[in-house]
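Engineer: Next up is a structure, given as structure tokens.
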Amino acid sequence: MKLLTHNHLRSNVRTATTGYPLIITPTEIRVTDTEYNDKFVKHVMQNVNWPVLVQAASQCGITTLPPTIPPNLTSDTSFLQALHHVLVNVNVVSGVLKCPDTGREFSIRDGICDFMLEEEECENVKI
Amino acid sequence: MASQPSTRSSSSSASTASTATSTATQYLVHFVHRHLDFRKCDFDSSLIAQNLSPSSIYAASNFDMLRPFLICTFPDDETATKVAKSTVLIKHIYKVNSVGETTEDCVAKSKPFTSSPTESWKIVFDTFASKFTKSEQSKIMHQFIDLHKPSGPVKMKDPTTTMSIIHEYPVKISGAPMYPRFDHSGSPIPSNVDRPPLSVYFCSNFAAGGRDLVEKYTLKKRTYLGPTSMDNELSLIMCNAALTRPQSYVLDPFVGTGSILFSASVLGGICVGTDIDTRVLKGKGEGGVMRNFLDCNLPLPEIIRGDNSLHSRLFRSREVYDSIITDPPYGIRAGARKSGTTEDRRKPIPDEHRHDHIPQTQVYPVGDVMADLLTVAARGLKVGGRLVYLIPSLKDFEEGDLPTHECLELEWVCYQPLGLLLGRRMVVMKKVKGWVEEKEEEWKEKCWPNGKESADKVEKLREQMAEAAKKERAEGEKQGWGGKLHKTKKQRKKEMRNEVELKKFTD
């Protein structure tokens, strides 16, 4: 699971009020190397919740992100590159995601997060 | 808007000939003669992806579904090369030297094709829907050579200039040549009828199309495959129709074995896929969805196991994706499932089994699958982003039956026949209106414009197909020919056995 995706995900348990942000407890992290693209990072940044990203990064052992978004973000290429690295290259291969409201745990195995609900969690599901 | 009906008018060849006199450099686009109904959509999408407007490149009236050649004007060579490379349905783009209605006309209009005495050259001969013998070909080639007398050396391997003489003949709607010259055994068909070509082109080879991707990433070379793996060519066409470019953010909500996201990655997309079925995601020891990406050194997609009917509960963000490309499950290869159970009497799961308990799923009716897909697209796509999906159906399903959404506008519908009864459509929709959370239910209600009936037409297709085949067989038997044409495997085996026995007996 990439940290970019983590920023979009929330707990889908019905009883959770916001279910966001999910707490990461990683057991294995793999850093891959992908091509940097200025446009993509700027585009996805519009939807990124910064404090959540900082928190998630620190849960994965990256503590170098500043607590607030730097104001001159669009012009600072080296910062954008570092940001691309945090958003796309850092992969949680295995571990657990925990819903902040209900404590429900979702497993990550082989890089795949499992958000399937148990039967009793579905009973009130609006479908 | 949607794919155009094939209008074969005699004026079309005349109009291409008349435009040949204008001064701007003309290019001849040679399409692959496959996926005929997809070609216009694919070509236009490639143009739009390069920020070109299709109407400035070619006149829509010149496009004929049954003709694989199209005369275009590109702003410069570089754009033409980029367009050619971006699509799998273009074989080659040529630079036009002359266009004629007959060979003689084309020769007369042609201009010198080499510019210096050191420039090496060769001429190749190509024909669509007809054949020329070697001696006929050489005769035509010499007409051009004798007229221009190129002074440079002839070089068969890697010459500076390669010229092509292309004769285009008409085809019937079925795709068969209008004037076949040889029968099945290869002997010439003698005919006194004049065989007028549609057009004769004399042009220099310029840029090869992106066909090599089809062979390079063919399904045969992949380690991880499943019954739902999508044909590489079609998935590349779908990704192109979705305007997938490098760094596009792409979602496939029914990822399965990941074959669509694979093609999106080939085109440079950054992919997210969700699926409810953990078996296809993990595979049986081959490594699962990620395997093919790892084999081909493509960036890994983000895979999440989740339920598409609960997409909005799982994803917080809206309007992030550039494209959503998917082949939803319709029950032909794989049926759709969603979380929950229909059983009333359920035993509570004991705590010692809870860690490896597999949650139950229930059937997910096609009507809801589509309504949810359009809702996910309306919510997830950026304004201007595209949703591309496939929908199979029998003959009774019409374009008016397609699901609709207030935020999405229908751009293209391309039909691919899959046999006599079944066919599938590629539907391309563009997001035109921003998402309003409060209107979700109201919009969802209006998904099927013709009511539940449309959805029922795509429900249980496998059963419907079996029923239609049975009906046809019964009809055939009534008319007296069905029995012979539609023998079951068992009947054929029995007959063969009888024949063998009979032979033994007579020997």
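Engineer: Exactly one of these conditions fails for B:ILE140: (1) assigned to a loop (DSSP other than H, G, I, E, B); (2) farther than 23 Å from B:ALA208 by Cα. Give me its number.
Structural biologist: Going through (1) assigned to a loop (DSSP other than H, G, I, E, B); (2) farther than 23 Å from B:ALA208 by Cα one by one, B:ILE140 breaks only (1).
Engineer: Please count how many residues of region B:347-367 are open to solvent by less than 60 Å² (accessible area, probe 1.4 Å) and hydrophobic (A, V, I, L, M, F, W, C).
Structural biologist: 2
Engineer: Taking region B:87-102 on its own, how many of its residues are touching a strand residue (DSSP E or B) at 6+ places or on another chain (Cβ under 8 Å), open to solvent by less than 20 Å² (accessible area, probe 1.4 Å) and either in a loop (DSSP other than H, G, I, E, B) or under 26 Å from B:LYS172 (Cβ atoms) (or both)?
Structural biologist: Total satisfying the criteria: 5.
Engineer: Right, next: For B:GLU168, state whether it is within 29 Å of B:SER187 (Cβ to Cβ) and among the charged types (D, E, K, R).
Structural biologist: Yes.
Engineer: Kindly provide the set of residues from region A:29-40 that are under 15 Å from the mean Cα position of the chain (by Cα) and either surrounded by 13 or more Cβ atoms within 10 Å (Cβ to Cβ) or closer than 19 Å to A:VAL52 by Cα (or both), ordered by number. Spell out how you get there, then give the answer.
Structural biologist: Applying the first criterion (under 15 Å from the mean Cα position of the chain (by Cα)) to region A:29-40 yields A:29-31.
Hit for region A:29-40 is A:ILE29, nothing else.
Engineer: With A:ARG30, A:ARG14 as the choices, which residue is in a loop (DSSP other than H, G, I, E, B) and of a type in the set (D, E, K, R)?
Structural biologist: Details: A:ARG30 fails: in a loop (DSSP other than H, G, I, E, B).
Only one candidate passes the filter, namely A:ARG14.
Engineer: Then there's this: Considering region A:42-58 alone, what residues qualify as being within 9 Å of chain B (Cβ to nearest Cβ) and surrounded by 13 or more Cβ atoms within 10 Å (Cβ to Cβ)?
Structural biologist: A:HIS43, A:VAL44, A:ASN47, A:VAL48, A:ASN49
Engineer: Take the residues of region B:246-268 that are facing chain A (nearest Cβ under 10 Å) and touching a helix residue (DSSP H, G or I) at 6+ places or on another chain (Cβ under 9 Å): which is nearest to B:PRO328 (Cα to Cα)?
Structural biologist: Of everything passing the filter in region B:246-268, B:TYR249 is nearest to B:PRO328 (Cα to Cα).
Engineer: For the subset of region A:103-127 comprising residues that are in a loop (DSSP other than H, G, I, E, B), on the phi < 0 side of the Ramachandran plot and more than 7 Å from chain B (Cβ to nearest Cβ), which member is modelled with the highest pLDDT? Talk me through it step by step, then tell me what you get.
Structural biologist: To start, the set of residues in region A:103-127 that are in a loop (DSSP other than H, G, I, E, B) comprises A:103-104, A:110-111, A:115-118, A:123-127.
Retained after the next criterion (residues that are on the phi < 0 side of the Ramachandran plot): A:104, A:115-118, A:123-127.
With the extra rule that they be more than 7 Å from chain B (Cβ to nearest Cβ), the set shrinks to A:104, A:123-124, A:126.
Values: A:ARG104: 90, A:GLU123: 56, A:ASN124: 48, A:LYS126: 42.
That would be A:ARG104.
Engineer: I've got another one for you. Being open to solvent by 10 Å² or more (accessible area, probe 1.4 Å) and modelled with pLDDT of 95 or more: is that true of B:LEU408 here? Write out each step before concluding.
Structural biologist: Numbers: open to solvent by 10 Å² or more (accessible area, probe 1.4 Å): yes; modelled with pLDDT of 95 or more: yes.
Judged against the criteria, B:LEU408 is a match.
Table: residues versus (1) open to solvent by less than 60 Å² (accessible area, probe 1.4 Å); (2) under 30 Å from B:ASP183 (Cα atoms); (3) modelled with pLDDT of 95 or more; (4) under 30 Å from the mean Cα position of the chain (by Cα).
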{"residue": "B:PHE43", "(1), (2), (3), (4)": "yes, no, yes, yes"}
{"residue": "B:ALA60", "(1), (2), (3), (4)": "yes, no, no, yes"}
{"residue": "B:LYS85", "(1), (2), (3), (4)": "no, no, no, yes"}
{"residue": "B:PHE113", "(1), (2), (3), (4)": "yes, no, no, no"}
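Engineer: Taking A:VAL93, is it crowded, with 17+ Cβ neighbours inside 10 Å and of a type outside the set (Ser, Thr, Tyr)?
Structural biologist: No: the conditions fail for A:VAL93.
Engineer: Does region B:229-248 contain any residue that is under 30 Å from B:GLU136 (Cβ atoms) and open to solvent by 40 Å² or more (accessible area, probe 1.4 Å)?
Structural biologist: no
Engineer: Hey, among B:LEU310, B:LEU300, B:LEU373, which residue is within 12 Å of chain A (Cβ to nearest Cβ) and in a helix (DSSP H, G or I)?
Structural biologist: Checking each option against the conditions leaves just B:LEU310.
The values are calculated or read from the model by the stated rules, or taken from the named source; none is laboratory data. In this text, all values refer to a predicted model and were calculated from it rather than measured experimentally. In this analysis, Cβ positions are derived from the backbone assuming ideal geometry, glycine residues included, and neighbour counts consider all displayed protein chains. To get the accessible areas, we keep the full protein, side chains included, count just its heavy atoms, and leave off ligands, DNA and RNA. Shrake-Rupley method; radii C 1.70, N 1.55, O 1.52, S 1.80 Å.
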